[in-house]
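J.: Shown below is the structure under consideration.
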Amino acid sequence: MISSPSLPQSLLSKTLDTKLISVNADITSAKKLLEKMAHLLTTALGDEAREKDIYHQLLEREKLGNTGIGNGVAVPHSRCGQAKTAIVAIISLNKPIDFDSNDKQDVDLAFGLLVPKEASQEHLNLLADIARLMSDPTKKNHLSAAKTPSDIIELIGSWPNSN
């Protein structure tokens with residue numbers, strides 16, 4: 001068996017976990033998307049009692065400025081004192097929803113982030129990784145069309161220049 005050299009992993013690909021990815025979700029509103037994102041992110045914390053708190057943190061962040069970054073992608077995010085490391089969740093939707101994005105394009109792919117309170121640079125690096133990847137419509141479309149959480153992780157990990 002011939003092994004090929006592995007690509008350097010981006011910060012984003014290092015943080016992904018199949019348990020935090022929902023593919024082809026049946027979500028009909030921005031509120032429901034934030035609720036589902038809070039659920040996934042809270043699962044990673046191991047403290048389901050915090051789900052409402054995380055949802056409200058994501059909602060408050062949306063009030064500061066919409067996290068719809070364009071091209072059908074949203075990146076709801078927040079800092080969290082309970083997070084020891086960055087947590088990333090991904091949701092692809094079976095039908096796009098209005099997320100009040102600046103480009104007026106409906107969202108069908110969302111990346112949720114929870115980062116430790118003191119992780120400013122890590123937070124910015126993750127947001128930059130996501131924005132860089134999702135600025136390529138072909139990559140975004142591949143992620144939206146992925147059939148399983150493993151497919152999403154494999155796609156993100158396989159793309160050169162994603163770090």
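J.: Go through region 96-112 and report how many residues are assigned to a strand (DSSP E or B) and either within 10 Å of Ala74 (Cα to Cα) or in contact (Cβ under 8 Å) with a residue 40 or more places away in the chain (or both).
T.: Summing the residues that are assigned to a strand (DSSP E or B) and either within 10 Å of Ala74 (Cα to Cα) or in contact (Cβ under 8 Å) with a residue 40 or more places away in the chain (or both) in region 96-112 gives 7.
J.: From the set of residues in region 8-39 that are among the small types (Gly, Ala, Ser) and in a loop (DSSP other than H, G, I, E, B), which is nearest to the chain's Cα centre (by Cα)?
T.: By that ranking, first place goes to Ser10.
J.: Next question. Looking at region 27-74, which of its residues are of a type in the set (D, E, K, R), within 28 Å of His142 (Cβ to Cβ) and modelled with pLDDT under 95?
T.: Answer for region 27-74, where residues must be of a type in the set (D, E, K, R), within 28 Å of His142 (Cβ to Cβ) and modelled with pLDDT under 95: Arg61, Glu62.
J.: Taking the options Ala131, Ala89, name whichever one is in a strand (DSSP E or B) and in contact (Cβ under 8 Å) with a residue 12 or more places away in the chain.
T.: Testing whether each residue is in a strand (DSSP E or B) and in contact (Cβ under 8 Å) with a residue 12 or more places away in the chain leaves just Ala89.
Rundown of residues vs (1) surrounded by fewer than 16 Cβ atoms within 10 Å (Cβ to Cβ); (2) of a type in the set (Lys, Arg); (3) closer than 21 Å to Lys19 by Cα; (4) in contact with a strand residue (DSSP E or B) (Cβ under 8 Å, 6 or more places away or on another chain), yes/no style:
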position: Lys52; (1), (2), (3), (4): yes, yes, yes, no
position: His56; (1), (2), (3), (4): yes, no, no, no
position: Arg61; (1), (2), (3), (4): no, yes, no, yes
position: Thr67; (1), (2), (3), (4): no, no, no, yes
position: Pro76; (1), (2), (3), (4): no, no, yes, yes
position: Ala89; (1), (2), (3), (4): no, no, yes, yes
position: Leu93; (1), (2), (3), (4): no, no, yes, yes
position: Val115; (1), (2), (3), (4): no, no, yes, yes
position: Asp129; (1), (2), (3), (4): no, no, yes, no
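J.: Scan region 57-110 residue by residue and report those that are out of contact with any Pro (no Cβ under 8 Å at 6 or more places or on another chain) and of a type in the set (D, E, K, R).
T.: Listed by number, the residues that qualify are Glu60, Lys63, Lys95, Asp98, Asp100, Asp103, Lys104.
J.: Going by what's in this entry, would Pro149 be described as surrounded by fewer than 18 Cβ atoms within 10 Å (Cβ to Cβ) and either at pLDDT 90 or above or among the aliphatic types (A, V, I, L, M) (or both)?
T.: No; evaluated as a whole, the condition is false for this residue.
J.: May I ask you to list the residues in region 131-144 that are exposed (fewer than 13 other Cβ atoms within 10 Å of the Cβ) and closer than 21 Å to Leu33 by Cα?
T.: Listed by number, the list is empty, since nothing qualifies.
J.: Right, something else. Any residue that is out of contact with any Ser or Thr (no Cβ under 7 Å at 6 or more places or on another chain), surrounded by fewer than 14 Cβ atoms within 10 Å (Cβ to Cβ) and modelled with pLDDT of 95 or more - is there at least one of those in region 7-24?
T.: no
J.: Now for a different question. Which residue, of Ser144, Ser158, is in contact with a strand residue (DSSP E or B) (Cβ under 8 Å, 6 or more places away or on another chain), in contact (Cβ under 8 Å) with a residue 12 or more places away in the chain, over 19 Å from Leu58 (Cβ atoms) and not aliphatic (A, V, I, L, M)?
T.: Sole residue among the options that is in contact with a strand residue (DSSP E or B) (Cβ under 8 Å, 6 or more places away or on another chain), in contact (Cβ under 8 Å) with a residue 12 or more places away in the chain, over 19 Å from Leu58 (Cβ atoms) and not aliphatic (A, V, I, L, M): Ser144.
J.: Now, a different point. Name, by its number, the condition in (1) surrounded by fewer than 20 Cβ atoms within 10 Å (Cβ to Cβ); (2) acidic (Asp, Glu); (3) closer than 22 Å to Lys147 by Cα that does not hold for Asp108.
T.: (1)
The values are calculated or read from the model by the stated rules, or taken from the named source; none is laboratory data. These numbers come from a predicted model, not from an experiment. Don't worry about glycine lacking a Cβ; one is built from the backbone with ideal geometry, like all the others, and counts go over all protein chains shown.
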